[in-house]
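Novice: Structure incoming, see below.
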Amino acid sequence: MNHTENTESSLLLSNKNLMENTFLQELVSCLPMGAMVVNTEARILFVNDSLTEILGYSATELLGMDIDFLLPDELRSNHKHLMSQYFSRPRKRQMGAGQALHARRKDGVLIPIEIGLNPIEQGEHTLVLATLIDLTPRLRANNMFQRSIQDAPHGVLVVDENGIIRVTNTMLCECFGYRAEELLNQPLDLLLPERYRHHHGDLRRSFHQNPMPRMMGVGRDLTALHKDGREFPVEIGLSPFEDEHSNNMVFVSLLDITKRKRMEQELREINTNLEEFTYVASHDLRSPLRGIADLLEWVKEDLGPDALPEVSNNLDRIDIRIQRMEQLIDNLLTYARAGKKDAITQQIDINVLLDNVFELLEIPEGMHLERDIQITHFISTWVPLETVMRNLISNAIKHHDTKVGNILIRCIVENNFCHFSICDDGPGIPAAAHERIFRLFQTITASERGGTGIGLSVSRRLVESHGGRISVEANQHQRGVTFHVWWPRYLRKDNHD
């Protein structure tokens, strides 16, 4: 009997022994991973459905196949020797521990796998139950995890239970001024100011005793230590998880908030200056002005009705200037207060709001006001929106240069905003002045004496402080301009807190 006949005989005998063991077949079939039974000649005797799905072969194609056919080319030459060593001392173990193993699918693609070996005694014969797990989903998930860390727009660290940095990303390295190799396998204390390091170990152990996702140091200003020795403000989020080896790890997200803190400080300074200005305008300017007005009245009384016409005229001119100065102070206070949000929110009916605006305006007989309102109700603050609409509509009426005119007020839904537009057919505004007119005390023309130049600046301040925006553009097919106001139609914490 030649070698081929011996192999076939051994295969038939092994198959016969295996077929007689119904329990073993059922057990292999029920395994939740790919499984096959292999004899000492590396021939496949039995496979389960999971294995055929992983490798892309049918069970018929795999039965009797030399297992070497499923290996990468570079591993085939030595595999028989390794199998011979295993069968000389068969034991339960992982195959290729610590090495990256691959199997060849029917389509030729190599897939990453994990293989467990379990010897089975069948009378005088020893078989091997090989369990196979396709690691593709696990590696794909791990790659996705790694990419999400590296591509995150904020700093990320993965720290083990002992506070050692195991993973970091580019943004974090940029925040601290280190290279990745300078941080990996280093203690997290490297990134902490010296005064925090003594207590950090206790805090870390306390966190691992009750691990849960949370923000670190809520209510406190946290700072981190840059490589150059300077500290900078940060926000830190902690998320515990277990890695593939069941080690307790912590996902640390870190955000450098230096720019935000700087902006907050600048905003506080601006608000402080504005409050000081408001106080000065209310008291230090108005009081002496009232004193001057009182002195002027006393002078008029002292002169009586026989005062010279020139003197009376000059006194009247002084009185007019005092009134203008008082109006200027009122305008400054109006502008200063315009940036403070009206916290009272309510259901707004736009048509009712416009009715209220029209009632308080002097509308010339030849001026026609038209509405096109495509959204009627939303929740917002009434008084600021009404003030903005009144300023824009009254401006369109006041600056119209003919006795007959038309003003169209439209409102449509545009994403998260109510888009208001006030379109007139008046003289228009030069393009160069489109931005300037929203500044404080800026009028449309240099010769314009009746206006205060406060209405549009107040309107922009009100719109922007409530999360909207305002602009003006020249009309394309008629005279005049169109003012646009985008007013939020949903309440937001940052605008309506």
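Readers should treat all values here as calculations from the given coordinates under stated rules, not as data from a laboratory. Fair warning: this is a prediction, and the values are worked out from it, not measured in the lab. Reconstructed Cβ throughout: ideal geometry from the backbone, glycine too, with neighbour counts over all protein chains shown.
Novice: By how many degrees, between 0 and 90 and to the nearest 10, does the Cα long axis of helix 309-338 differ from the longest principal axis of the chain?
Specialist: 10 degrees
Novice: Next question, about the same structure. Given the C-alpha atoms of the chain, compute the convex hull and give its volume per residue in Å³.
Specialist: Cα-based convex hull of the chain, divided per residue, equals 299 Å³.
Novice: Using Stokes-Einstein with the Kirkwood hydrodynamic radius over Cα pairs, what translational diffusion coefficient do you get for the range 262-338 at 20 °C and a viscosity of 1.002 mPa s, in µm²/s rounded to a whole number?
Specialist: 145 µm²/s
Novice: Sort SER253, SER471 so that the residue with the fewest other Cβ atoms within 10 Å of its own Cβ comes first and the one with the most comes last.
Specialist: SER471, SER253
Novice: For each of TRP487, TRP382, count neighbouring Cβ atoms within 10 Å of the residue's Cβ, then give the residues from fewest to most.
Specialist: The most exposed by this proxy come first: TRP382, TRP487.
Novice: Could you go through the range 159-166 in sequence order and give the Karplus-derived ³J(HN,Hα) for each residue, using 6.51 cos²θ - 1.76 cosθ + 1.60 with θ = phi - 60°, rounded to whole Hz, and x for Gly and Pro?
Specialist: Calculated HN-Hα couplings, in order: 10, 7, 5, 8, x, 9, 6, 10 Hz.
Novice: At 37 °C and 0.692 mPa s, what whole-number value in µm²/s does Stokes-Einstein give for the translational diffusion of the range 345-488, with Rh from the Kirkwood sum over Cα pairs?
Specialist: 212 µm²/s
Novice: On a 0 to 90° scale, report how tilted helix 3-20 is relative to the longest principal axis of the chain, with both axes built from alpha carbons and the result rounded to the nearest 10.
Specialist: Computed tilt is about 70 degrees.
Novice: Mind jotting down the distance between the C-alpha centroids of the range 177-234 and the range 120-158, whole Å?
Specialist: Here the two parts' Cα centres lie 31 Å apart.
Novice: Before anything else, pin down the relative contact order of the chain: Cα pairs under 8 Å, at least 6 apart, normalised by residue count, whole percent.
Specialist: Rounded, it is 7 percent for the chain.
Novice: If packing is taken as the mean number of other Cβ atoms within 10 Å per residue, what is the order of 305-315, 195-205, 30-40, highest first?
Specialist: Those peptides, ordered most packed to least, come out 30-40, 195-205, 305-315.
Novice: I've got another one for you. Report ³J(HN,Hα) in whole Hz for each residue of the range 380-391, in order, from the Karplus equation J = 6.51 cos²θ - 1.76 cosθ + 1.60 where θ = phi - 60°; Gly and Pro get x.
Specialist: Each residue's phi maps through the Karplus curve to give 6, 9, 6, 4, x, 5, 4, 4, 5, 4, 5, 4 Hz.
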